[in-house]
1. Just one of Ala531, Ala593, Ala604 is touching a helix residue (DSSP H, G or I) at 6+ places or on another chain (Cβ under 7 Å), in a loop (DSSP other than H, G, I, E, B), small (Gly, Ala, Ser) and not assigned by TED's automatic domain parsing to the domain that holds Tyr515; which is it?
2. For the list (1) polar (S, T, N, Q); (2) under 15 Å from Leu152 (Cα atoms); (3) not assigned by TED's automatic domain parsing to the domain that holds Ile261, I need the number of the one condition that Asn212 fails.
3. Looking at Leu518, Leu503 in this structure, which one is closer than 13 Å to Gly440 by Cα, in a helix (DSSP H, G or I) and modelled with pLDDT of 95 or more?
4. Of the numbered conditions (1) under 25 Å from Glu183 (Cβ atoms); (2) in contact with a Ser or Thr (Cβ under 6 Å, 6 or more places away or on another chain); (3) of a type in the set (Gly, Ala, Ser), Gly263 satisfies every one except a single condition; which is it?
5. How about region 231-248: which of its residues are surrounded by fewer than 17 Cβ atoms within 10 Å (Cβ to Cβ) and not in a strand (DSSP E or B)?
6. Identify all residues within region 10-27 that are part of a loop (DSSP other than H, G, I, E, B) and over 11 Å from Phe69 (Cα atoms); write none if there are none.
7. Sort out which residues of region 424-479 are of a type in the set (Asp, Glu) and modelled with pLDDT under 85, and write them in order of number.
8. Can you tell me which residues in region 306-343 are closer than 30 Å to Thr567 by Cβ and of a type in the set (D, E, K, R)?
Amino acid sequence: MKRRHAMPFGAALAEDGGAEFRLWAPAAPRVDLHCEARGERATLAMPRGDDGWHALSVARAPAGTLYHFVIDGDLAVPDPASRFQPRDVHGPSELIDPAAFDWPDADWRGRPWHETVLYELHVGAFTPEGSYAGAAKKLDHFAELGVTAIELMPVAEAPGARNWGYDGVFAFAPEHRYGRPEELKRLVAAAHARNIQVFLDVVFNHFGPEGNYLGRYAPQFFRDDQPTPWGAAIDFERPQSRTVRDFFIQNALYWIEEFHIDGLRLDAVHAILDKSQPHILEEIAEAVCSAVPPERHVHLVLENDDNAAHFLAREPDGRPRHYAAQWSDDIHHALHHLVTGETAGHYGDFADAPATRLGRALAEGFAYQGEHSRHRGGRRRGEPSAHLPPTAFVSFLQNHDMVGNRALSERIAATAPAAAVRAAAATVLLAPFPPLLFMGEEWSAPQPFPFFCDFGPDLANAVRAGRRREMARLPGFGGAAARWTDPVSATSFEAAKLDWSRLAQPQHRAWLDFYRALLAIRAREIVPLLAGLTRGRAERWVHAEQVLEVRWRLAQDALLHAVLALTPDGAGGIAIQPHGRLLFATAPDFAAARTLRELPPWFAAFYLDTPEAVAA
């Protein structure tokens, strides 16, 4: 089967052996096309239209042709909609034939959202090979673990030999250091063959700082009045922004149609500035909905510090109106504070009454639903979310940000007791929210995950200084400064690479068995009860800020009951009546009692009560 997204940007092969080249360069009076194929070179003038588009049909331009656009006769730039950058961000673009790849997954329709268990990974650091092909070799690991979807950190071409991915400047070009586009397609097809979805993290709020030439010939892409923390904001709302909006809408459709991606995670959308109607996030979602056949499952997920619940609204039948879910930082922050005691940065917003805040997040998705945030200068954060089903929130104990944006980039096992981590992991994996694991979490990998990049000297020094200032605000940095990893050094990237040989060690194998067991319980007992949920129905009780009870009403009138005592000393003076049969507990003998009293330290228990069980 062939898949090709018909894109109004960039270069596209024609059936007669030629190609069409298009560049939106409204600030450039003159654009030439310079191309090279089979040893022949040519420079051709591109006629300019009144709308700022420069377009040219070339009679002979086979797949593999390398090309640049030359702006006003003196600046050669790659195609901003390039499908491949074989020589990094400053090199020529390569003309790709999407139809050259024969897809073997014609019958793949994806999986329903409620079945999702996400596994976030960085392609370059996930395996020794650091490639799409290397990641494909680990697909059986995911299937045996119980993961139903892998989520790739951004793969858009970024400068240098290594990058987290959030400095990408070619949104349509898979990172060449991981392999060619067809190798990414093979990874996707191989995942589908194992009933595993593939999600992709995309960045629509900024371009990276090196290799982005758009400001030279299309400054309309950017706003000059309000930057993001990572660079100039994209202009989505001014009168000339129609082409800009289309660029990102087409990018979303491109990954879904041409690479058969099953879902997109939109990074940091709170940094997208748009007061127009419809909002660009709504327009992207509506375009995807219109393009995807009804029988295919495609899921859109947000990262949004604003806790804007309206993007997660449901139709009467429970289908997401625009976005399936949002990463729930609130669940993470509350859990992290409880098991580590950390109060710096955003964790300070959860230090007062942490069990109460965790209870609200577990019952309603967000802990902050319009309350003032001290960490954000006292401004209000969030919207009411109790009406949303739990499937509208992705929960996690670790992810790339929560590990990498620390002074030493250490994982939670280095900062919390093993018993506390087990209780917190059980909370994430057995609560009704779609869970996300970060690569290596399932065997308690000891590798840190520091931020890494590879820029030229001037920009590298600026990044180094900026990261040091940011990290200096975190606890423990003063004594750890000597061990702080330079983000621009290759050693930071090497330190982040997973060491798969650790799985041969008993302590890491035990963690893997623990995660497998919990995900098996989730798949067998909980996932069938998440289908068709249209709204949130949960209750919570907090006993003396020591013990938390949450009861979720799920499909088929089932009741999932969690009892949590996430404290190092346990809790006494209470009497809790469990509802239903025991699914899992950190102390199973204790949890089997008819009444729970004197809870042990780091206690987590989950019970399930169903009408069928009552009748039996």
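1. On the way: Ala593 fails: touching a helix residue (DSSP H, G or I) at 6+ places or on another chain (Cβ under 7 Å); Ala604 fails: in a loop (DSSP other than H, G, I, E, B).
Exactly one of Ala531, Ala593, Ala604 is touching a helix residue (DSSP H, G or I) at 6+ places or on another chain (Cβ under 7 Å), in a loop (DSSP other than H, G, I, E, B), small (Gly, Ala, Ser) and not assigned by TED's automatic domain parsing to the domain that holds Tyr515, namely Ala531.
2. With (1) polar (S, T, N, Q); (2) under 15 Å from Leu152 (Cα atoms); (3) not assigned by TED's automatic domain parsing to the domain that holds Ile261 applied to Asn212, the lone miss is (2).
3. Details: Leu518 fails: closer than 13 Å to Gly440 by Cα.
The match here is Leu503.
4. (2)
5. Passing the criteria: Arg238, Pro239, Gln240, Arg242, Asp246.
6. At the first step, the residues of region 10-27 found to be part of a loop (DSSP other than H, G, I, E, B) are 14-18, 25-27.
Of everything in region 10-27, those that are part of a loop (DSSP other than H, G, I, E, B) and over 11 Å from Phe69 (Cα atoms) turn out to be Ala14, Glu15, Asp16, Gly17, Gly18, Pro26, Ala27.
7. Asp458, Glu470
8. The first filter runs over region 306-343 and keeps only residues closer than 30 Å to Thr567 by Cβ, leaving 307, 325-343.
Across region 306-343, the qualifying residues are Asp329, Asp330, Glu342.
The values are calculated or read from the model by the stated rules, or taken from the named source; none is laboratory data. Nothing here was measured: the structure is a model prediction, and the numbers come from that model. Here the Cβ is made from the backbone with ideal geometry for all residues, glycine too, and neighbour counts use every protein chain on show.
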